[in-house]
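J.: The structure that follows is given in the form of structure tokens.
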Amino acid sequence: MMDLKEIPSFQTLSRRARKFDLHAINRSIRFLYSMRECAAIDSFMIHTCKYSTASRRKVWGNYKDPESGWSKTTKGWTYGRKCHMSLDIDSLLVMDWLVTRGNMHDSRVSHDLVDSVRNFSYILADSAYDTTDIYTDMLEKNTFFTHN
């Protein structure tokens, strides 16, 4: 098919993958979809190390990843980075994403995510996005914003 004599090594594939502009690829895929009915915005933690390791490093102040942080979730305290994401519920297509420190509150990055789904009829979000600032922004753009 591609006349490869051997499968490239993991390092070669990884090096080539870092050269891709993932946001540009995502924009191209989004352009192909025209359904704009219902979107969702939320975030989740990406654990950068085990909890026991993070706790030990917290005592000594010896963190290896300066972009990680502590955050309180529904399951308790956790250490890592936070991925904020907006997506099309119908196609499960990721509209936009942003990775921040773990202690970054959802409402601080919400305007960028809301802009990525402003053409949708409905936007679903949890109570972290329940601020007057966000509602004002959404009402200016004539979008119905709900939370559960």
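Only the coordinates and a few stated rules stand behind these numbers; no lab work does. These numbers were taken from a predicted model, which means no experiment stands behind them. Heads up, the Cβs are rebuilt from the backbone with ideal geometry, glycines too, and the neighbour counts pull from every protein chain shown.
J.: With a point put 7 Å past each Cα toward its Cβ, work out how far Arg56 is from Thr132 in nm, to one decimal.
T.: 4.8
J.: From the phi of every residue in the stretch 86-92, what ³J(HN,Hα) in whole Hz does the Karplus formula 6.51 cos²θ - 1.76 cosθ + 1.60 yield, where θ is phi - 60° and glycine or proline is x?
T.: Running phi through 6.51 cos²θ - 1.76 cosθ + 1.60 with θ = phi - 60° gives 10, 8, 7, 5, 5, 9, 6 Hz.
J.: Determine the equivalent ellipsoid of the stretch 36-147 by diagonalising the alpha-carbon gyration tensor, then write out the semi-axes as square roots of 5 times the eigenvalues, largest first, rounded to whole Å.
T.: 31, 13, 11
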